[in-house]
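A short worksheet on the structure shown next.
Read the figures in this text as sums done on the coordinates, not as results from a lab. Since the model is a prediction, treat every value here as computed from it, not as a measurement. Here the Cβ is made from the backbone with ideal geometry for all residues, glycine too, and neighbour counts use every protein chain on show.
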Amino acid sequence: MSTVALTRGAASLATAVYPVPDKATGIILAIYYQQLAAGLPPAHALRNAQREYIAEAWSNAQRERSDVELGWTPGYWAGLEILTTEPQRRPAG
């Protein structure tokens, strides 16, 4: 399906290479779209969103706010990737 979307005109897609918990995905994608709206390229937006998610999940773990769906280990965030037909560009600034 990803290839079809890209060949039909999608500039980029956020996809999962393995199942990622829904709650974690929702949080990461919300941050991702905020980053896109701020003008970052998709790959940079996802990287920033994943980093922000990890920091918050780690902070919660340190304060013993255990939420099974909000872990900081890679299984909660690393399965998300960006597929794009656009060349990489560096963010301004």
Alpha carbon Rg of segment 13-54, scaled by the compact-globule rule 2.2 N^0.38 Å: 1.07
Computed label-point distance, nm, for sites LEU13 and ALA55 using a 7 Å Cα→Cβ extension: 3.1 nm
Pair GLN34, THR73: separation of 7 Å Cα→Cβ label points (nm): 2.7 nm
